[in-house]
1. Quick one: is MET124 under 20 Å from the mean Cα position of the chain (by Cα), farther than 19 Å from GLN35 by Cα, modelled with pLDDT under 95 and open to solvent by 20 Å² or more (accessible area, probe 1.4 Å)?
2. Report yes if ILE73 is open to solvent by less than 30 Å² (accessible area, probe 1.4 Å), in contact with a strand residue (DSSP E or B) (Cβ under 7 Å, 6 or more places away or on another chain) and at pLDDT 90 or above, otherwise no.
3. Please enumerate the residues belonging to region 80-105 that are closer than 11 Å to MET122 by Cα, open to solvent by 40 Å² or more (accessible area, probe 1.4 Å) and in a helix (DSSP H, G or I).
4. Test of understanding: among PRO116, PRO37, PRO31, which residue is open to solvent by less than 40 Å² (accessible area, probe 1.4 Å) and either in contact (Cβ under 8 Å) with a residue 12 or more places away in the chain or over 25 Å from GLY8 (Cα atoms) (or both)?
5. For ALA59, only one of the following conditions fails: (1) assigned to a helix (DSSP H, G or I); (2) open to solvent by less than 30 Å² (accessible area, probe 1.4 Å). What is its number?
6. Given the criteria open to solvent by less than 70 Å² (accessible area, probe 1.4 Å), more than 18 Å from LEU171 (Cα to Cα) and in contact with a helix residue (DSSP H, G or I) (Cβ under 8 Å, 6 or more places away or on another chain), does ILE132 qualify?
7. Between a first residue in region 43-66 that is on the phi < 0 side of the Ramachandran plot and basic (Lys, Arg) and a second residue that is modelled with pLDDT of 95 or more and open to solvent by 40 Å² or more (accessible area, probe 1.4 Å), which pairs have beta carbons less than 8 Å apart while being 6 or more apart in sequence or on different chains?
Amino acid sequence: MLSGMAQGRPEIQTALRRAVLVEAGHRCAIPTCRQAPVDVAHINPWAKVKEHKFENLIALCPTCHARFDRGDIDKRSILQYKANLDVLNHRYSDIERLVLRTLYTRVIEGVALAIPTAMGWMVMDLEDDGLIEFEIATDPVTRQTERELNESGILLTPKGRDFMQRWFKALPIDGS
């Protein structure tokens, strides 16, 4: 296999490669995939642009990269996944993004995800934006265990469900 340099294509600089990988959490940028390891892929093909720029690079697992190259994943979707990463990374922490994905993909709708009550501050931006809500606590006298006294339940709101559907369907999540 020839290196990129041998084909007349310079390697992506280490700092730029790192920035693209960090943007996607070193996982595939497609939220329904999130596989690792990943390739750094050009959104507009190298053959057309002849340059490596952050705005034109995205982290994709080898399978999604091949699907994108074949046209199975359209360019508009890839551009939206890239734009959504920017919104997500500037507004929500890794933990908040994980909570959203967990509530959306692994928790039955209407069932609360239990988190330690003392950690509620870690998801406050999600609550402030109306994407989650804390389950109304039951009377502490009726709680059965010490563990239950130290847990809070969080639920995905209808706004949060819409947000997640938009994110997963490569639609804008920034309110546009």
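The values are calculated or read from the model by the stated rules, or taken from the named source; none is laboratory data. All of these numbers come straight from a predicted model, not from anything done at the bench. Here the Cβ is made from the backbone with ideal geometry for all residues, glycine too, and neighbour counts use every protein chain on show. The protein model used for the area step is the full one, side chains on, heavy atoms only, and it has no ligands, DNA or RNA in it. Shrake-Rupley method; radii C 1.70, N 1.55, O 1.52, S 1.80 Å.
1. Judged against the criteria, MET124 is a match.
2. Details: open to solvent by less than 30 Å² (accessible area, probe 1.4 Å): yes; in contact with a strand residue (DSSP E or B) (Cβ under 7 Å, 6 or more places away or on another chain): no; at pLDDT 90 or above: yes.
Spelling it out, it is not the case that ILE73 is open to solvent by less than 30 Å² (accessible area, probe 1.4 Å), in contact with a strand residue (DSSP E or B) (Cβ under 7 Å, 6 or more places away or on another chain) and at pLDDT 90 or above.
3. Result: ASP94, ILE95.
4. Criteria check complete, one pass: PRO31.
5. The single condition ALA59 does not satisfy is (1).
6. Yes, satisfied.
7. Going by the 8 Å Cβ cut-off, there are no qualifying pairs.
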